[in-house]
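Each value in this text was obtained by applying a stated rule to the coordinates, not by laboratory testing. As the structure is a computational prediction, the values presented were derived from the model and not from experiment. No Cβ is skipped: glycine too gets one built from the backbone with ideal geometry, and neighbour counts run over all protein chains shown.
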Amino acid sequence: MREFQMYIDGQWCESSDGRTAQVVNPATEEAFAEVPLATADDVDRAVRAAKASFDAGLWRDKDPAERSRILLDILARFKQKAMDFALLETQNLGSPLSHCLFTMVTSAQNRFEWFAKAANRCFEEPMPLYRAPAAAFPYVRREPVGVCAQIVPWNAPLLIGAAMMAAPLATGNSVVLKPSVLTPCTLLELAKIVHESEIPKGVVNVVVGAGETVGEALATHPLVDKVSFTGSSETGKRVLCLASSTVKNTTMELGGKSAIVFLDDVDLELAVDAAIWGCFMNAGQICYATTRALVPQSLYGPFVEGLVAKVKRIRVGDPMDPQTMMGPLVSREQRDRVERYVKIGLREGATLACGGRRPESLPRGFYLEPAVFTGVDNRMTIAQEEIFGPVLCVIPYQGDEEAVRIANDTRYGLLGAVFSPNIERAISVGEKLRVGNVWINEVHLMSLDLPYGGCKQSGIGRERGLHGLLNDYTEIKSVQIDLGHTRRQRTWYDLIVPK
């Protein structure tokens, strides 16, 4: 049993009340690690440590090039331990080892590197004003927000958490990270590398605990300047409500019910493979998973036939086995949730073409066969609510306009994908989707230079890229300098200043 501690003010510590939680390997249902459960007092200590470090300028006032160098040094040590992190994340999350190494760890390192290098960018912008006096010089200055509370989801703790650590650090903020109590281990391990680095104490803090304790304490703490939350829309609404009590700067990256639209000229083999990759990666536990496949009526039969045949061949099993394609869900509760939606889909009249059952050959572990529903009406619960599991709804349509209408008929607006060899046509359809991100002829494309986020109930604000970095983790200060007026020239003073 591995034992972890929280990281507050440059020190490793237990919870103030001594309580702990066990972290369960979802493939074996056995505990493999123990972590302390933070109290509201622990959160207060972490926030005050972050605030003290920020006010002292220990990190904020460092030259941006120096911040970049220190972050790149952390990255170098992170890369040296890539396989260790992949093995731990596999135990932590249940995703296959190959997936954790490539998609989780390597991508986390790439994101960390992008922000580390961005720290060295210039954040001051000359802003000539319309009809500004000749002796005036205005500019816009970007400054750190302050103390950033970063609430990390359970489904990709290292991938998302590494970026949620690096982004605010790049612009000089201090950070309190809260990983999920379900999957906290890799972020606590990353904190060990931070502890060995030149980052001053108090700048990075990591606390673990339940959302109703730690998350709410962070969202309402008067010394927290920024709350960034990634998770479900329902929890995000709660966090947003709490944070509004002190008018905090917030970024919300929330749920999705993304549609992948195949136009009638699509290559059928590519469409089938893209639908599988888009929905079932990480056992469907991804907010931007394309869980609604919109297929033209003329291709519906052949598409479903090819899809079902391949989905049945997805190898579900031990995530440490190199032959495994899909591991277990993260917890018993998550599997129960997905199974409830499978029953709802059947009850509402959809056809379960394959999957949705526990594999008989895997009596232990939170495994579930990937499910494909056909005969789905977009008004059905399984097509409207975020299931967050390996469930794909195949929905027929007639004509591009109906495809757009169905794709947009959801309270979410995170992402959409369009497939067609006619790029102009695909772009035209993509531009009509009410989403924050569009993929054309591919899924899971993630350019680090582009902002990422959603509209409607999929979130507020944008992460990543310079747009996300500057809008999320800096405040704008407008500065205007008078370079030459004497008192005598300032005749406007005479309107109110006695002579």
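Couple of notes before you dig in:
- Among 41-50, 262-271, sorting by the average number of other beta carbon atoms lying within 10 angstrom of each residue, highest first, gives 41-50, 262-271.
- With the simple spin-label model, which puts each label point 7 Å out from Cα in the Cβ direction, the V247 to F32 separation comes to 4.8 nm.
- Tail beyond 31 Å, pair distance distribution of the chain (Cα, percent): 48 percent
- Taking packing as the residue-averaged number of other Cβ atoms within 10 angstrom, the listed peptides 293-302, 364-373 run from highest to lowest as 364-373, 293-302.
- Of the cross-linked pairs K79/K178; K117/K178; K257/K456; K456/K477; K79/K201; K62/K248, those separated by over 20 Å at the C-alpha level are K79/K178; K117/K178; K456/K477; K79/K201; K62/K248.
- Phi angles of the range 3-16 translate, via the Karplus equation with coefficients 6.51, -1.76, 1.60 and θ = phi - 60°, into HN-Hα couplings of 10, 10, 10, 7, 10, 10, 6, x, 10, 8, 8, 8, 5, 5 Hz per residue; Gly and Pro are given as x.
- Using the Cβ-Cβ distance between L445 and L483 with R0 set to 60 Å, the FRET efficiency works out to roughly 0.80.
- Using the average count of surrounding beta-carbon atoms within 10 Å as a protection proxy, the listed peptides 106-115, 418-427 rank, highest first, as 106-115, 418-427.
- Directionally averaged projected area (convex hull, Cα atoms, the range 259-440), nm²: 9.8 nm²
- One equal scatterer on each Cα of the range 149-245, no solvent, Debye formula: the resulting log10 I(q)/I(0) at q = 0.12, 0.25 Å⁻¹ is -0.34, -1.46.
- The calculated FRET efficiency for the pair K310 and L466, based on their C-beta separation and a Förster distance of 30 Å, comes to about 0.15.
- Rg over Rh, two decimals, the range 1-111 (C-alpha only, Kirkwood Rh): 1.04
- A simple spin-label model places the labels of R121 and D321 4.5 nm from each other, with each point 7 Å out along Cα-to-Cβ.
- Our summary gives the chain a relative contact order of 17 percent, counting only alpha carbon pairs under 8 angstrom and 6 or more residues apart.
- Computed E for Y139/E431 - FRET, C-beta separation, R0 22 angstrom, nearest 0.05: 0.05
- Distance from the range 1-74 to the range 155-216 (C-alpha centre basis), Å: 6 Å
- Dividing the summed helix terms, -39500 (n - 2.57) for each DSSP H run of n ≥ 4, by the number of residues in the chain produces a 222 nm estimate of -10500 deg cm²/dmol to the nearest 500.
- Size descriptors for the range 348-497: radius of gyration and Dmax over Cα atoms are 25.6, 90 Å.
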